Amino acid sequence: MVTEVTRTPAFAVYDDVLPAAEFAAVWEYMQRANYASVHQQMWVKTWRLSDGAPLGGPVLFSNEATARVANRVPSHAALPEEMVRQSVFPTGQAIDPLLETITAQGAGWDDLIGTQDRDWCGFTARAYLYPQGAGLSWHLDLGRYSGAYIYYAHPDWNVKWGGELMIADDPDRERLGAAFDPHDPAQTSIYNPDKTKRFGQHLDNTWENKKLLETGTGRYIMPKPNRLVIVSLGCAHGINPVSIAAGDKVRASVTGFFIAPEATSAARAAKGLPPA
Ligand SMILES: [Fe+2]
(Lines give C-alpha, C1' and ligand atoms only; values in the text may rest on other atoms or scores of the structure.)
Protein backbone atom coordinates (compact mmCIF):
# COMPACT_ATOMS: atom_id res chain seq x y z
CA MET A 1 0.00 0.00 0.00
CA VAL A 2 1.64 3.23 -1.15
CA THR A 3 1.95 5.79 1.65
CA GLU A 4 2.60 9.50 1.14
CA VAL A 5 5.25 10.40 3.73
CA THR A 6 5.69 14.09 3.03
CA ARG A 7 4.82 16.60 0.34
CA THR A 8 6.07 20.15 -0.21
CA PRO A 9 5.83 22.51 -3.20
CA ALA A 10 9.23 21.11 -4.25
CA PHE A 11 9.01 17.35 -3.68
CA ALA A 12 6.91 14.39 -2.53
CA VAL A 13 8.01 11.18 -0.79
CA TYR A 14 6.19 7.82 -0.94
CA ASP A 15 6.96 4.59 0.92
CA ASP A 16 5.95 0.96 0.31
CA VAL A 17 5.68 1.77 -3.37
CA LEU A 18 5.83 -1.77 -4.75
CA PRO A 19 4.36 -4.96 -3.28
CA ALA A 20 7.04 -7.15 -1.62
CA ALA A 21 7.38 -9.60 -4.53
CA GLU A 22 7.81 -6.81 -7.11
CA PHE A 23 10.28 -4.95 -4.88
CA ALA A 24 12.33 -8.16 -4.62
CA ALA A 25 12.16 -8.57 -8.42
CA VAL A 26 13.40 -5.00 -8.98
CA TRP A 27 16.34 -5.72 -6.64
CA GLU A 28 17.08 -8.77 -8.76
CA TYR A 29 16.95 -6.56 -11.86
CA MET A 30 19.43 -4.21 -10.16
CA GLN A 31 21.76 -7.15 -9.52
CA ARG A 32 21.50 -8.48 -13.07
CA ALA A 33 21.82 -5.14 -14.90
CA ASN A 34 25.04 -4.27 -16.70
CA TYR A 35 26.69 -1.12 -15.42
CA ALA A 36 29.40 1.22 -16.58
CA SER A 37 30.94 4.33 -15.12
CA VAL A 38 28.59 7.29 -15.58
CA HIS A 39 31.61 8.88 -17.29
CA GLN A 40 32.16 5.98 -19.69
CA GLN A 41 31.80 8.13 -22.81
CA MET A 42 32.98 11.44 -21.35
CA TRP A 43 33.00 13.34 -18.09
CA VAL A 44 29.36 14.11 -17.18
CA LYS A 45 30.04 17.30 -15.29
CA THR A 46 26.99 17.11 -13.00
CA TRP A 47 29.16 14.62 -11.10
CA ARG A 48 32.08 16.68 -9.88
CA LEU A 49 35.59 15.25 -9.79
CA SER A 50 35.20 14.70 -6.04
CA ASP A 51 31.95 12.69 -6.42
CA GLY A 52 33.52 9.22 -6.41
CA ALA A 53 32.70 6.44 -8.87
CA PRO A 54 28.94 5.99 -9.44
CA LEU A 55 27.82 3.39 -12.00
CA GLY A 56 24.87 3.63 -14.39
CA GLY A 57 22.81 0.94 -16.14
CA PRO A 58 20.92 1.09 -19.45
CA VAL A 59 18.44 3.92 -20.03
CA LEU A 60 14.82 2.81 -20.40
CA PHE A 61 11.76 4.76 -21.57
CA SER A 62 8.16 4.58 -20.36
CA ASN A 63 6.82 4.86 -23.91
CA GLU A 64 7.90 5.39 -27.52
CA ALA A 65 7.18 9.14 -27.48
CA THR A 66 9.71 9.56 -24.66
CA ALA A 67 12.31 7.42 -26.44
CA ARG A 68 11.79 9.55 -29.52
CA VAL A 69 12.29 12.90 -27.75
CA ALA A 70 15.19 11.66 -25.62
CA ASN A 71 17.00 10.19 -28.64
CA ARG A 72 16.05 13.06 -30.95
CA VAL A 73 14.29 10.77 -33.42
CA PRO A 74 11.88 12.94 -35.48
CA SER A 75 8.21 11.97 -35.41
CA HIS A 76 8.23 10.90 -39.09
CA ALA A 77 11.14 8.45 -38.60
CA ALA A 78 10.78 4.95 -37.17
CA LEU A 79 12.46 4.13 -33.87
CA PRO A 80 15.08 1.39 -34.28
CA GLU A 81 13.36 -1.93 -33.59
CA GLU A 82 16.08 -3.06 -31.20
CA MET A 83 15.75 0.13 -29.16
CA VAL A 84 12.02 -0.44 -28.78
CA ARG A 85 12.47 -4.09 -27.81
CA GLN A 86 15.22 -3.49 -25.24
CA SER A 87 14.49 -0.02 -23.90
CA VAL A 88 10.82 0.88 -24.22
CA PHE A 89 8.15 -0.24 -21.75
CA PRO A 90 7.13 -3.04 -21.58
CA THR A 91 10.71 -4.31 -21.55
CA GLY A 92 9.76 -7.78 -20.29
CA GLN A 93 12.14 -7.23 -17.37
CA ALA A 94 11.41 -7.14 -13.65
CA ILE A 95 11.64 -3.34 -13.61
CA ASP A 96 8.37 -3.06 -15.60
CA PRO A 97 6.07 -2.94 -12.52
CA LEU A 98 7.97 0.12 -11.25
CA LEU A 99 7.49 1.92 -14.57
CA GLU A 100 3.83 0.92 -14.54
CA THR A 101 3.36 2.24 -10.99
CA ILE A 102 4.97 5.59 -11.80
CA THR A 103 2.84 5.93 -14.94
CA ALA A 104 -0.31 5.17 -12.97
CA GLN A 105 0.49 7.78 -10.29
CA GLY A 106 1.61 10.51 -12.72
CA ALA A 107 -1.67 12.40 -12.76
CA GLY A 108 -1.35 13.10 -9.03
CA TRP A 109 1.82 15.16 -9.39
CA ASP A 110 0.60 18.05 -11.54
CA ASP A 111 1.75 20.62 -8.98
CA LEU A 112 5.27 19.13 -8.95
CA ILE A 113 6.01 18.01 -12.51
CA GLY A 114 3.23 19.53 -14.59
CA THR A 115 0.49 17.90 -16.59
CA GLN A 116 0.91 14.68 -18.56
CA ASP A 117 0.84 15.14 -22.36
CA ARG A 118 1.22 18.92 -22.00
CA ASP A 119 4.35 19.28 -19.83
CA TRP A 120 5.68 15.73 -20.08
CA CYS A 121 5.07 12.82 -22.41
CA GLY A 122 6.68 10.06 -20.35
CA PHE A 123 9.83 9.38 -18.38
CA THR A 124 13.19 7.70 -18.47
CA ALA A 125 14.42 5.05 -16.01
CA ARG A 126 18.04 4.20 -15.29
CA ALA A 127 19.55 2.02 -12.58
CA TYR A 128 22.41 3.55 -10.61
CA LEU A 129 24.81 2.10 -8.07
CA TYR A 130 26.54 4.44 -5.63
CA PRO A 131 29.26 2.57 -3.77
CA GLN A 132 31.08 3.90 -0.72
CA GLY A 133 32.47 7.39 -1.46
CA ALA A 134 30.08 8.10 -4.36
CA GLY A 135 27.71 11.07 -4.29
CA LEU A 136 26.36 13.84 -6.50
CA SER A 137 27.21 17.48 -5.90
CA TRP A 138 24.58 20.22 -5.69
CA HIS A 139 22.97 20.89 -9.05
CA LEU A 140 19.78 21.86 -10.85
CA ASP A 141 18.04 19.55 -13.34
CA LEU A 142 17.87 21.65 -16.48
CA GLY A 143 16.94 20.98 -20.08
CA ARG A 144 14.06 19.11 -21.61
CA TYR A 145 12.61 17.88 -18.31
CA SER A 146 9.53 18.76 -16.29
CA GLY A 147 10.63 16.90 -13.17
CA ALA A 148 12.52 13.90 -11.85
CA TYR A 149 12.06 10.86 -9.61
CA ILE A 150 14.26 8.57 -7.55
CA TYR A 151 13.29 5.08 -6.39
CA TYR A 152 15.43 3.23 -3.84
CA ALA A 153 15.85 -0.42 -4.77
CA HIS A 154 18.42 -1.72 -2.26
CA PRO A 155 16.93 -4.19 0.25
CA ASP A 156 18.46 -2.57 3.38
CA TRP A 157 19.66 0.82 4.47
CA ASN A 158 21.20 2.17 7.63
CA VAL A 159 21.03 5.80 8.76
CA LYS A 160 24.84 5.72 9.13
CA TRP A 161 25.44 4.85 5.49
CA GLY A 162 24.90 8.36 4.03
CA GLY A 163 23.52 8.67 0.51
CA GLU A 164 20.72 11.07 1.55
CA LEU A 165 19.01 13.20 -1.10
CA MET A 166 19.51 16.83 -0.09
CA ILE A 167 17.08 19.51 -1.32
CA ALA A 168 17.89 23.17 -0.63
CA ASP A 169 15.22 25.55 0.63
CA ASP A 170 14.24 28.08 -2.01
CA PRO A 171 12.67 31.28 -0.62
CA ASP A 172 11.54 32.36 -4.12
CA ARG A 173 9.53 29.19 -4.61
CA GLU A 174 7.95 29.54 -1.14
CA ARG A 175 7.08 33.19 -1.76
CA LEU A 176 5.44 32.52 -5.12
CA GLY A 177 3.60 29.33 -4.12
CA ALA A 178 1.45 27.93 -6.93
CA ALA A 179 2.49 30.81 -9.20
CA PHE A 180 6.08 29.54 -9.23
CA ASP A 181 7.20 28.60 -12.73
CA PRO A 182 10.55 26.82 -12.75
CA HIS A 183 10.87 27.54 -16.48
CA ASP A 184 10.72 31.30 -15.97
CA PRO A 185 14.15 32.69 -15.08
CA ALA A 186 12.64 36.03 -14.08
CA GLN A 187 10.72 34.43 -11.19
CA THR A 188 13.52 32.86 -9.25
CA SER A 189 17.06 33.69 -8.35
CA ILE A 190 17.98 29.99 -8.44
CA TYR A 191 17.71 30.38 -12.22
CA ASN A 192 20.18 33.12 -12.84
CA PRO A 193 18.75 35.31 -15.64
CA ASP A 194 22.31 35.70 -16.87
CA LYS A 195 22.73 32.01 -17.71
CA THR A 196 26.37 32.39 -18.63
CA LYS A 197 27.24 32.85 -14.94
CA ARG A 198 26.26 29.23 -14.30
CA PHE A 199 28.68 27.89 -16.84
CA GLY A 200 31.80 26.29 -15.44
CA GLN A 201 30.49 25.48 -11.95
CA HIS A 202 32.24 22.09 -12.22
CA LEU A 203 35.60 23.88 -12.11
CA ASP A 204 34.71 27.03 -10.15
CA ASN A 205 31.50 26.96 -8.11
CA THR A 206 31.67 30.55 -6.84
CA TRP A 207 28.16 31.40 -8.10
CA GLU A 208 26.56 28.19 -6.80
CA ASN A 209 28.34 28.54 -3.47
CA LYS A 210 27.08 32.10 -3.04
CA LYS A 211 23.49 31.17 -3.96
CA LEU A 212 23.28 28.14 -1.70
CA LEU A 213 24.85 29.92 1.27
CA GLU A 214 22.31 32.78 1.05
CA THR A 215 19.75 30.52 2.73
CA GLY A 216 21.94 27.58 3.66
CA THR A 217 19.12 25.31 4.87
CA GLY A 218 17.01 22.53 3.37
CA ARG A 219 15.57 19.02 3.73
CA TYR A 220 17.15 15.58 3.56
CA ILE A 221 15.48 12.35 2.41
CA MET A 222 16.91 9.03 3.54
CA PRO A 223 17.32 6.42 0.80
CA LYS A 224 14.84 4.09 2.46
CA PRO A 225 14.16 0.84 0.55
CA ASN A 226 11.04 0.82 -1.66
CA ARG A 227 10.72 4.64 -1.41
CA LEU A 228 9.89 6.93 -4.33
CA VAL A 229 10.74 10.64 -4.40
CA ILE A 230 9.25 13.03 -6.95
CA VAL A 231 11.29 16.22 -7.38
CA SER A 232 10.03 19.36 -9.06
CA LEU A 233 12.14 21.20 -11.59
CA GLY A 234 14.34 24.05 -10.40
CA CYS A 235 15.24 22.72 -6.93
CA ALA A 236 18.90 22.76 -6.03
CA HIS A 237 19.63 19.21 -4.90
CA GLY A 238 22.41 16.69 -4.45
CA ILE A 239 23.26 13.29 -2.96
CA ASN A 240 25.44 12.97 0.10
CA PRO A 241 28.34 10.56 -0.47
CA VAL A 242 27.74 7.01 0.70
CA SER A 243 29.75 6.78 3.91
CA ILE A 244 32.61 4.49 4.85
CA ALA A 245 30.19 2.81 7.29
CA ALA A 246 28.33 1.30 4.31
CA GLY A 247 31.24 -1.07 3.64
CA ASP A 248 30.40 -3.13 0.54
CA LYS A 249 26.72 -2.13 0.54
CA VAL A 250 25.67 0.09 -2.37
CA ARG A 251 22.98 2.71 -2.70
CA ALA A 252 20.95 1.23 -5.57
CA SER A 253 18.44 3.59 -7.17
CA VAL A 254 16.32 3.84 -10.28
CA THR A 255 16.21 7.45 -11.40
CA GLY A 256 14.57 9.19 -14.30
CA PHE A 257 13.29 12.41 -15.76
CA PHE A 258 9.81 13.33 -16.90
CA ILE A 259 10.51 14.39 -20.47
CA ALA A 260 8.90 17.44 -22.06
CA PRO A 261 7.12 16.69 -25.34
CA GLU A 262 8.94 17.73 -28.49
CA ALA A 263 6.69 20.78 -29.09
CA THR A 264 7.17 22.05 -25.52
CA SER A 265 10.94 21.66 -25.77
CA ALA A 266 11.00 23.63 -29.01
CA ALA A 267 8.76 26.39 -27.60
CA ARG A 268 10.98 26.74 -24.55
CA ALA A 269 14.11 26.98 -26.66
CA ALA A 270 12.43 29.70 -28.78
CA LYS A 271 11.95 31.77 -25.60
CA GLY A 272 15.63 31.45 -24.77
CA LEU A 273 14.91 29.26 -21.74
CA PRO A 274 17.18 26.34 -20.72
CA PRO A 275 18.04 24.41 -23.87
CA ALA A 276 16.36 21.15 -24.83
FE1 LIG B 1 19.29 15.88 -10.30
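Summary of the geometry: the range 210-248 and the range 125-140, compared by the centres of their Cα atoms, lie 10 Å apart.
In terms of the Cα gyration tensor, with a ≥ b ≥ c the square roots of its eigenvalues, is the range 53-111 rounded because a/c is under 1.5, prolate because a/b exceeds b/c, or oblate? Oblate. Classify the range 3-270 as rounded, prolate or oblate from the Cα gyration tensor: take a ≥ b ≥ c as the square roots of its eigenvalues, call it rounded if a/c is under 1.5, otherwise prolate when a/b beats b/c and oblate if not. Taking the square roots of the gyration eigenvalues as a ≥ b ≥ c, the range 3-270 is rounded. Between the residues Leu49, Ala77, Phe61, the greatest Cα displacement towards the positive end of the dipole of the range 43-94, with unit charges on the Cβ of Lys, Arg, Asp and Glu, is found for Leu49. Taking chymotrypsin sites (Phe, Trp or Tyr not before Pro) that fall in a DSSP loop and have at most 14 other Cβ atoms within 10 Å as cut points, what is the longest piece of the chain between them? My reading of the result: 44-198 is the longest stretch.
Taken about its Cα centre, the range 111-187 carries a charge dipole of about 320 debye when Lys and Arg each add +1 at the Cβ and Asp and Glu each add -1 at the Cβ.
For the range 1-145, the solvent-accessible area works out to 51 Å² per residue, with a probe of 1.4 Å and every protein chain left in place.
Largest first, the residues His139, His76 sort by 1.4 Å accessible area into His76, His139. Counting only the Cα atoms, the range 17-57 fills a convex hull of 89 Å³ per residue.
Placing +1 on the Cβ of each Lys and Arg and -1 on the Cβ of each Asp and Glu in the chain, which of Val250, Thr6, Gln201 has its Cα farthest towards the positive end of the resulting dipole? Final value for the positive-end residue is Gln201. Considering only alpha-carbon pairs that sit under 8 angstrom and 6 or more positions apart, the relative contact order computed for the chain is 30 percent. You can think of it this way: the chain between Gln41 and Ala77 has 10.4 nm of extra reach, that is 0.36 nm per residue less the Cα-Cα gap.
In the range 3-270, a dipole from Cβ-located charges (positive for Lys and Arg, negative for Asp and Glu) runs towards its positive end, and of Pro155, Gln132, Leu18 it is Gln132 whose Cα lies farthest in that direction. Provide the solvent-accessible area of Ser232, counting protein heavy atoms only and rolling a 1.4 Å probe, rounded to the nearest 10 Å². Surface open to solvent at Ser232 totals about 10 Å². Solvent exposure of Asp111, expressed as accessible area, is near 100 Å², computed with a probe of 1.4 Å over the protein chains only. Shown here for the range 1-85: trypsin sites (Lys or Arg not before Pro) in loop regions (DSSP other than H, G, I, E, B) with at most 11 other Cβ atoms within 10 Å, namely Arg72. Here the chain is treated with +1 on each Lys and Arg Cβ and -1 on each Asp and Glu Cβ, and its dipole about the Cα centre works out to around 680 debye.
The values are calculated or read from the model by the stated rules, or taken from the named source; none is laboratory data. It should be emphasised that the depicted structure is a prediction, and the values quoted were computed from it without experimental measurement. We place every Cβ from the backbone using ideal geometry, glycine too, and count neighbours over all the protein chains shown. Just so you know, the surface numbers come from the protein's heavy atoms only, side chains and all, with ligands and any DNA or RNA stripped out. Shrake-Rupley method; radii C 1.70, N 1.55, O 1.52, S 1.80 Å.
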